[in-house]
Each structure stands twice: as C-alpha cells, then as structure tokens.
1. Looking at the range 100-118 only, could you name the residues that are more than 20 Å from residue 79 (Cβ to Cβ) and under 20 Å from the mean Cα position of the chain (by Cα)?
2. Name the residue, out of 113, 130, 96, that is under 20 Å from residue 46 (Cβ atoms) and touching a helix residue (DSSP H, G or I) at 6+ places or on another chain (Cβ under 8 Å).
3. Checking the structure you have, find out if any residue of the range 18-32 is at pLDDT 95 or above and part of a strand (DSSP E or B).
4. All but one of (1) assigned to a strand (DSSP E or B); (2) in contact with a strand residue (DSSP E or B) (Cβ under 7 Å, 6 or more places away or on another chain) hold for residue 44, so report the exception by its number.
5. Would you be able to tell me the number of residues in the range 53-81 that are part of a strand (DSSP E or B) and either free of Cβ contacts under 8 Å to residues at least 60 places away in the same chain or surrounded by fewer than 22 Cβ atoms within 10 Å (Cβ to Cβ) (or both)?
6. Kindly provide the set of residues from the range 112-124 that are surrounded by fewer than 20 Cβ atoms within 10 Å (Cβ to Cβ) and in contact with a strand residue (DSSP E or B) (Cβ under 8 Å, 6 or more places away or on another chain), ordered by number.
7. Suppose we filter 128, 132 for residues that are in contact with a strand residue (DSSP E or B) (Cβ under 7 Å, 6 or more places away or on another chain) and farther than 19 Å from residue 28 by Cβ; which single one remains?
8. So residue 92 fits all but one of (1) surrounded by fewer than 18 Cβ atoms within 10 Å (Cβ to Cβ); (2) in a helix (DSSP H, G or I); (3) touching a strand residue (DSSP E or B) at 6+ places or on another chain (Cβ under 8 Å); what number is the exception?
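The values are calculated or read from the model by the stated rules, or taken from the named source; none is laboratory data. Worth saying up front: this structure is predicted, and the values here are computed from it rather than measured. Heads up, the Cβs are rebuilt from the backbone with ideal geometry, glycines too, and the neighbour counts pull from every protein chain shown.
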C-alpha cells in the first residue's frame with residue numbers, strides 16, 4: 001500500500017514538472033532524493049543568479065542547471081561559459097558573506113546539472129549531475 005502511494009506521488013510530481021517543462025524543479029527534486037538539503041532556489045543578485053544552493057553534510061553546493069530539449073547544439077553543460085562561472089562564483093561569495101557562513105566549517109563545490117529532453121507521457125528526461133564542474 002505504501003509503495004503504491006509513493007509511486008502515485010512520484011507520478012504526480014512528474015506531471016507537475018511536465019506541465020511547466022521545468023528542468024530546475026526536476027534538478028531540485030533529484031537533489032532532494034539524493035539526500036541534499038535545499039537551502040535556496042533561484043538565489044538572485046543584480047549581476048547573477050544561482051539556480052540551486054544545497055547542502056550535503058558540511059559541503060555547500062552551488063548548482064547551475066542547464067536544460068535542453070536535445071543534444072543538437074551540444075551538451076547543456078557546455079553552455080556554462082567561463083564568464084557565467086565567474087558570475088556564479090561572485091554570487092556564491094555574496095551568499096556566504098550575507099549568511100555569515102564560516103569558511104572553516106564548510107567546503108564549497110560548484111556543480112552543473114544537465115537536463116536533456118522533454119517531460120512527456122510521465123517520463124523523465126535524462127539528468128546528468130556533474131560534480132565539481134568548475
């Protein structure tokens with residue numbers, strides 16, 4: 001009975017994501033299922049945005065999500081340019097300072113999550129989590 005409820009809940013979550021075709025929500029869902037604690041989504045500053053900020057034990061993870069419907073123009077992660085990486089690093093520094101996070105207590109990581117494909121017929125697109133992407 002509990003397994004059926006979990007499967008039904010998962011189908012419901014997939015349907016919600018499919019309605020918005022939202023790679024960031026899918027990436028957040030994936031991270032939660034992997035045991036990460038989500039701290040922020042769409043952390044916005046005038047010069048940059050961090051899609052997801054998560055925590056895994058004593059590691060803060062700053063995640064850039066790239067969603068593409070196909071690989072026609074290359075892998076989504078290839079579109080995280082050096083300039084984009086610099087903006088994310090700067091935003092991460094601002095987040096750390098504004099939340100009074102002690103550098104000694106945490107390690108920091110920058111990941112990219114690639115979402116490839118569409119949310120169709122209850123199926124999930126491919127997801128590729130690149131640890132320490134930059």
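1. Taking the range 100-118 and keeping what is more than 20 Å from residue 79 (Cβ to Cβ), we get 100-108.
Scanning the range 100-118 gives 106, 107, 108.
2. Values: 113 fails: under 20 Å from residue 46 (Cβ atoms); 130 fails: under 20 Å from residue 46 (Cβ atoms).
Answer to the check: 96.
3. no
4. (2)
5. Restricting attention to the range 53-81, the residues satisfying the condition of being part of a strand (DSSP E or B) are 53-56, 59-68.
Then keep just the ones that are either free of Cβ contacts under 8 Å to residues at least 60 places away in the same chain or surrounded by fewer than 22 Cβ atoms within 10 Å (Cβ to Cβ) (or both); that gives 53-56, 59-63, 65-68.
Summing the residues that are part of a strand (DSSP E or B) and either free of Cβ contacts under 8 Å to residues at least 60 places away in the same chain or surrounded by fewer than 22 Cβ atoms within 10 Å (Cβ to Cβ) (or both) in the range 53-81 gives 13.
6. The first filter runs over the range 112-124 and keeps only residues surrounded by fewer than 20 Cβ atoms within 10 Å (Cβ to Cβ), leaving 116-118, 120-124.
The answer is 116, 117.
7. Values: 128 fails: farther than 19 Å from residue 28 by Cβ.
Result: 132 is the single residue among 128, 132 that is in contact with a strand residue (DSSP E or B) (Cβ under 7 Å, 6 or more places away or on another chain) and farther than 19 Å from residue 28 by Cβ.
8. (1)
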